[in-house]
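Student: Before anything else, here's the structure in question.
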Amino acid sequence: MGRLDGKVALIAGASSGIGRATATLFAREGAKLVLGARRQAELDALAAEIGAAGGTAAVLAGDVRDEDYARTLTALALDRFGRLDIAFNNAGTLGEKGPSTGVSAQGWADTLAVNLTGAFFGAKHQIGAMLKTGGGSVIFTSTFVGYTTAFPGLAAYAASKSGLIGLTQALASEFGPQGIRVNAVLPGAVETEMYREANDTPEAQSFITGLHALKRVGAPEELARSVLYLASDDSSFVSGTAHLVDGGLSITRT
Ligand SMILES: NC(=O)c1ccc[n+]([C@@H]2O[C@H](COP(=O)([O-])OP(=O)(O)OC[C@H]3O[C@@H](n4cnc5c(N)ncnc54)[C@H](O)[C@@H]3O)[C@@H](O)[C@H]2O)c1
């Protein structure tokens, strides 16, 4: 018996890192999957891996900034599997970094478009589908940045990701009466492509590692297990939360 037997789950930002680990775990737990991200080849490889292990995944590459892509991903879940129970809106970008006085209008807009507006487009269509079957679980990937901890040079990222916490609360309040739970997962630093982009020197990696009470960064699989909790009925009374999975980073003060 898997914890997601009979469920259909959609993951946006599934081609690498946290999203990929979550797709693999969800498949092992019995969910049928719809997977999206920018890179078709990575998605095809992941679908083949899931299929070889006995799971089922439909994939479609696209850009979460495009509302039509959000609509199409949800439609794919309904066409292929007849319903949608779980949605993990995980696609994200660090966006334009550097002193805020130099951030371009385009860099600011792009960061918010991927991290905040893209997640909203996803949820808008996913919730529309979930309302037809009496409920579901929507999860956003936020971050500790801009919530418990701030860094210079990451204003657009912090603003977009803390915006997701407000969005989580708004949607949880609006659709709770119809059985839809909405939560945000807030990872600490996790060993992924984005982590290596954000911390591109040994000194930077050592600094960020030291901020965590556990004195290590997380593995994508550790985040996937927390997302599974928020997706499954184990969290049936959990909604509207900012769920820290951060190795104790938030209790550490430098
Ligand atoms: N790695 C960390 O330390 C860390 C910490 C806190 C939060 N996060 C968040 O976790 C999420 C996953 O990131 P990750 O660390 O696994 O990195 P990653 O780079 O491995 O994964 C990012 C995913 O988002 C997708 N994506 C990015 N822009 C997209 C777009 N415009 N349209 C469609 N898909 C797009 C990518 O294709 C990829 O699948 C992100 O939202 C990130 O902000 C990561």
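Student: Out of Glu221, Glu203, I need the residue that is farther than 21 Å from Thr241 by Cβ, open to solvent by 80 Å² or more (accessible area, probe 1.4 Å), under 17 Å from the mean Cα position of the chain (by Cα) and modelled with pLDDT of 95 or more. Which one?
Tutor: Working: Glu203 fails: under 17 Å from the mean Cα position of the chain (by Cα).
Answer to the selection: Glu221.
Student: From the list Leu76, Leu116, Leu171, exactly one residue is open to solvent by 30 Å² or more (accessible area, probe 1.4 Å) and either more than 15 Å from the ligand (Cβ to nearest atom) or in contact with a helix residue (DSSP H, G or I) (Cβ under 9 Å, 6 or more places away or on another chain) (or both). Which is it?
Tutor: Exactly one of Leu76, Leu116, Leu171 is open to solvent by 30 Å² or more (accessible area, probe 1.4 Å) and either more than 15 Å from the ligand (Cβ to nearest atom) or in contact with a helix residue (DSSP H, G or I) (Cβ under 9 Å, 6 or more places away or on another chain) (or both), namely Leu116.
Student: Only helices (runs of 4 or more DSSP H) wholly contained in segment 1-81 count here; list those with 1 or more residues that are closer than 15 Å to Val227 by Cβ and either at pLDDT 95 or above or acidic (Asp, Glu) (or both).
Tutor: The helices (runs of 4 or more DSSP H) meeting that bar are 17-28.
Student: A further question on this structure: Scan segment 55-67 and give yes if some residue there is within 13 Å of the ligand (Cβ to nearest atom), buried (at least 20 other Cβ atoms within 10 Å of the Cβ) and either basic (Lys, Arg) or in contact (Cβ under 8 Å) with a residue 60 or more places away in the chain (or both), otherwise no.
Tutor: no
Student: Return the residues of segment 126-149 that are within 25 Å of Val8 (Cα to Cα) and among the β-branched types (Val, Ile, Thr); say none if nothing qualifies.
Tutor: Listed by number, the residues that qualify are Ile127, Thr133, Val138, Ile139, Thr141.
Student: Return yes or no: is Phe81 touching a residue at least 60 places away in the same chain (Cβ under 8 Å), on the phi < 0 side of the Ramachandran plot and surrounded by 24 or more Cβ atoms within 10 Å (Cβ to Cβ)?
Tutor: Details: touching a residue at least 60 places away in the same chain (Cβ under 8 Å): yes; on the phi < 0 side of the Ramachandran plot: yes; surrounded by 24 or more Cβ atoms within 10 Å (Cβ to Cβ): no.
It is false that Phe81 is touching a residue at least 60 places away in the same chain (Cβ under 8 Å), on the phi < 0 side of the Ramachandran plot and surrounded by 24 or more Cβ atoms within 10 Å (Cβ to Cβ).
Student: Quick one: Ala70 ticks every box in (1) within 11 Å of the ligand (Cβ to nearest atom); (2) surrounded by fewer than 20 Cβ atoms within 10 Å (Cβ to Cβ) except a single one, so which number is it?
Tutor: For Ala70, the failing item is (2).
Student: Tell me yes or no: at least one residue of segment 99-110 is on the phi > 0 side of the Ramachandran plot, small (Gly, Ala, Ser) and either open to solvent by less than 20 Å² (accessible area, probe 1.4 Å) or modelled with pLDDT of 95 or more (or both).
Tutor: No, because not a single residue in segment 99-110 is on the phi > 0 side of the Ramachandran plot, small (Gly, Ala, Ser) and either open to solvent by less than 20 Å² (accessible area, probe 1.4 Å) or modelled with pLDDT of 95 or more (or both).
Student: Follow-up. How do the helices (runs of 4 or more DSSP H) wholly within segment 162-254 filter down when requiring 3 or more residues that are more than 22 Å from Ser16 (Cβ to Cβ): which remain?
Tutor: 202-211
The values are calculated or read from the model by the stated rules, or taken from the named source; none is laboratory data. Given the structure is predicted, the values throughout are model-derived calculations rather than measurements. All Cβ positions, even for glycine, are placed from backbone atoms using ideal geometry, and neighbour counts span all protein chains on display. Note: areas computed on protein heavy atoms with side chains; ligands, DNA, RNA excluded. Shrake-Rupley method; radii C 1.70, N 1.55, O 1.52, S 1.80 Å.
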